[in-house]
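Asks: My questions all concern the structure below.
The values are calculated or read from the model by the stated rules, or taken from the named source; none is laboratory data. Please read all numbers here as calculations on a predicted model, not as lab measurements. Methodologically, a virtual Cβ is constructed for each residue, glycine included, from the backbone with ideal geometry; neighbour enumeration extends over all protein chains shown. Heads up: the accessible areas ignore ligands, DNA and RNA and are worked out on the full protein's heavy atoms, side chains in. Shrake-Rupley method; radii C 1.70, N 1.55, O 1.52, S 1.80 Å.
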Amino acid sequence: PPYPIVYFSTRRPCETMHMLLADQGQSWKEEVVTKESWLQGPLKASCLYGQLPNFQDRDPTLYKSNAILRHMGRTFGFYGKDQWEAALVDMVKDGMEDVHRHCSQLIYRTNEEGKAKYFQEMPGHLKPFETLLIQNKEGKAFFVGNQISFASYNLLDLLLNHQVLAPGCLDSHPLLLTYVASLSDRPKLKAYLASPQHVNCPVHKAQKI
Ligand code: GSH
């Protein structure tokens, strides 16, 4: 059955879940909540932490995007092959949370100075992921072991968002460009990335499509 996700109409943080499900050939049913209906209040009041997304696979409803993503990682075997690999996948994912924090400054900062500062610092923020990829089979494979993980989709999501916000910003990161190209070429994921659901979903609410 399709997995029911409730969220607003922007990419983050659900796009990683969509990519993972699409790549796995799974369907999902998304209830898109408008700002107007959210501001009416009852839905917010009904949410455990007063926020979305949520995932209604069974009772009780699951909240917190990373809990949902990790659940999907475990369900579909995208969480390393053993406990140690799972810890390494967590290390990658937790490192990416820091980048997401910096990146949201880029999204919500309107002044050019703030944007320039972000791009000046960006190589330093992305370096750990390049190091991890090089360490594991010289960047030809995945972060951990021989398989994709939920953190892999999260990095793809992050890098694709960067390319939307500032086309060309990864040009001096060939390893990351190769990474984006090879993951985006997985057939089911490729089809999803070309679909209107992905293409027409803004990175953030102020982005014009
Ligand atoms: N840590 C939470 C998660 O990852 O699920 C954050 C969720 C969150 O920040 N949700 C925002 C929200 O529901 C949208 S991205 N905002 C509406 C509100 O707080 O009223």
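Asks: Two decimals, Cα atoms only, Kirkwood Rh: what is Rg/Rh over segment 22-172?
Replies: Values: Rg = 17.7 Å, Rh = 17.6 Å.
The Rg/Rh ratio comes out at 1.00.
Asks: Compute and list, largest first, the equivalent-ellipsoid semi-axes of segment 20-105 from the alpha carbon gyration tensor, each √(5λ) rounded to a whole angstrom. Walk me through the intermediate numbers first.
Replies: Details: eigenvalues 146, 62, 31 Å².
Largest first, segment 20-105 gives 27, 18, 12 Å.
Asks: Follow-up question, since we're still on this one. Under 14 Å from the Cα of Lys188, which aspartates and glutamates turn up, not counting those fewer than eight places away in the same chain?
Replies: Asp23
Asks: Shifting gears a bit: Quick one: what does P(r) look like for segment 125-209 with 10 Å bins over all Cα pairs, in whole %?
Replies: Once binned at 10 Å, the Cα pair distances of segment 125-209 give 16, 49, 30, 6.
Asks: Which of the aspartates and glutamates could a cross-linker bridge to Lys140, judged by Cα under 13 Å and excluding same-chain residues fewer than eight apart?
Replies: Glu130
Asks: Suppose accessible area is computed on protein heavy atoms with a 1.4 Å probe; arrange Arg70, Arg11 from highest to lowest.
Replies: Arg70, Arg11
Asks: Kindly report, to the nearest 10 Å², the accessible surface of Asp94 as traced by a 1.4 Å probe over protein heavy atoms only.
Replies: Roll a 1.4 Å probe over it and Asp94 shows about 80 Å².
Asks: Normalised by the number of residues in segment 1-86, what is the relative contact order in percent for Cα pairs under 8 Å and 6+ residues apart? Before the final figure, lay out each step's value.
Replies: On the way: 93 pairs, mean separation 26.5, N = 86.
Contact order relative to length: 31 percent.
Asks: Shape of segment 91-156 from its Cα gyration tensor (a ≥ b ≥ c, root eigenvalues): rounded if a/c is under 1.5, otherwise prolate when a/b > b/c, or oblate? Intermediate results must be reported in sequence, preceding the final value.
Replies: Details: a/c = 3.41, a/b = 2.17, b/c = 1.58.
It is prolate, given that a/c is not under 1.5 and a/b is the larger ratio.
Asks: How many nm separate the modelled label positions at Gln26 and Gln105, each set 7 Å beyond the Cα in the direction of the Cβ?
Replies: 3.5
Asks: Residue separation times 0.36 nm, minus the C-alpha to C-alpha distance between Asp82 and Ala141: what's the value?
Replies: Values: separation 59, 0.36 × 59 = 21.24 nm, distance 1.79 nm.
Full extension of this stretch gives 19.5 nm more.
Asks: Using DSSP to define loop residues, name the chymotrypsin sites (Phe, Trp or Tyr not before Pro) in segment 1-95 whose beta-carbon has at most 12 other beta-carbon atoms within 10 Å.
Replies: On the way: sites: Tyr7, Phe8, Trp28, Trp38, Tyr49, Phe55, Tyr63, Phe76, Phe78, Tyr79, Trp84; in loops: Phe8, Tyr49, Phe78, Tyr79.
Of the chymotrypsin sites (Phe, Trp or Tyr not before Pro), the ones in loops of segment 1-95 whose Cβ has at most 12 other Cβ atoms within 10 Å are Tyr49.
Asks: Further question: What fraction of the DSSP beta bridges in the chain is antiparallel, stated in percent and rounded to the nearest 5? The partial results should precede the final answer.
Replies: Details: 4 of 9 bridges.
Taking every DSSP beta bridge with both residues in the chain, the antiparallel ones total about 45 percent.
Asks: Which ³J(HN,Hα) values in Hz, rounded to whole numbers, follow from the phi angles of segment 36-49 under the Karplus curve 6.51 cos²θ - 1.76 cosθ + 1.60, where θ = phi - 60° and Gly and Pro get x?
Replies: 4, 5, 5, 6, 5, x, x, 5, 4, 5, 7, 7, 3, 10
Asks: Next question, about the same structure. Just to confirm, what accessible area per residue do you get for the chain at 1.4 Å probe, in whole Å²?
Replies: Numbers: 11040 Å² over 209 residues.
I get 53 Å² per residue for the chain.
Asks: Express the relative contact order of the chain as a whole percentage, based on alpha carbon pairs under 8 Å and six or more residues apart in sequence. Please report the intermediate quantities before stating the final value.
Replies: Details: 222 pairs, mean separation 52.2, N = 209.
Result for the chain is 25 percent.
Asks: Would you please give the FRET efficiency between Ala191 and Glu97, computed as 1/(1 + (r/R0)^6) with r the Cβ-Cβ distance and R0 = 35 Å, to the nearest 0.05?
Replies: Values: r = 29 Å, r/R0 = 0.82.
With R0 = 35 Å, the Cβ-Cβ based efficiency is 0.75.
Asks: By the scheme Lys and Arg +1, Asp and Glu -1, what is the net charge of all other residues having a beta-carbon under 12 Å from that of Leu43? The partial results should precede the final answer.
Replies: Numbers: positive: Lys35, Lys44; negative: Glu31, Glu36.
After counting each charged neighbour, the total is 0.
Asks: What figure in square angstrom, to the nearest 10, would you give for the accessible area of Leu177 with a 1.4 Å probe?
Replies: 60
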